[in-house]
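Step one of this worksheet: look at the structure below.
The values are calculated or read from the model by the stated rules, or taken from the named source; none is laboratory data. Not measured: the values here are computed from a predicted model. Neighbour counts are summed over all protein chains in view; Cβ atoms, including those assigned to glycine, are modelled from backbone coordinates with ideal geometry. The protein model used for the area step is the full one, side chains on, heavy atoms only, and it has no ligands, DNA or RNA in it. Shrake-Rupley method; radii C 1.70, N 1.55, O 1.52, S 1.80 Å.
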Amino acid sequence: DSTGAPAATLWGALDPAEVRAQARDAALDMVLRALPLMLLALVTTWWLLLRWSTRIITSMRGIGSTEAPQGSARQLWLAVVFSVVVAPAAMLWIAREAARPAVTAQIQENADAVGRTLSGQVARALSLGVPWNAMNGMDELFQQQLKEAPELSYLALQPPGEAARNATWGGDVPAQARTAQASPDLLRRTLTAGDGAVVVGYPADFVDRQL
């Protein structure tokens, strides 16, 4: 109420169906992309075990020379490297790229959600007659929002026809990069607030750092 005392309790409900659908689509995409490589790795592993066991049995029975041809040994080692190093690394890369669209979309949705919340508060203040240059406490509010949403790096007010004000940066942004001109890799989402806007920014390489 007007005195600051709690007057009501707000309950929220979350439908996990959309999140489950995104996870299911990402998992299916990973499997379809990695399936040819998985089959090739299985065939290579089977061939490797077959050749190795044949060599061992042959040497135990004393059939022929116990020394394998140089070309055969090289093929075995190449198969080992492919099965143990190349195939797992390629599968990890495929999984990362398959998950990228879902993670990127989620970050954009988080930025928009924070922007909508802040723009609603700013629009309410403007409707009550508070001018842009008299909105006190915005820096503290922005800092709290950045702490609660570590994927975001920048929040600012954008009055109509003026430069951004109350620019607040996340702790992961170096001091020398805390200007709009020095941060070309900062992706911005602009949410309308009254006759101005709230600007929300996050680093373009955040997905790469998380994956």
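On the beta carbon distance between Gln75 and Lys147, with R0 = 45 Å, the FRET formula returns roughly 0.20. Going by accessible surface with a 1.4 Å probe and the largest first, Arg55, Arg165 read Arg55, Arg165. FRET efficiency for the pair Leu128 and Leu37, taken as 1/(1 + (r/R0)^6) with r the Cβ-Cβ distance and R0 = 35 Å, rounds to 0.05. In this structure, Asp205 and Trp93 have a Cβ-Cβ separation that, at R0 = 22 Å, corresponds to a calculated FRET efficiency of about 0.85.
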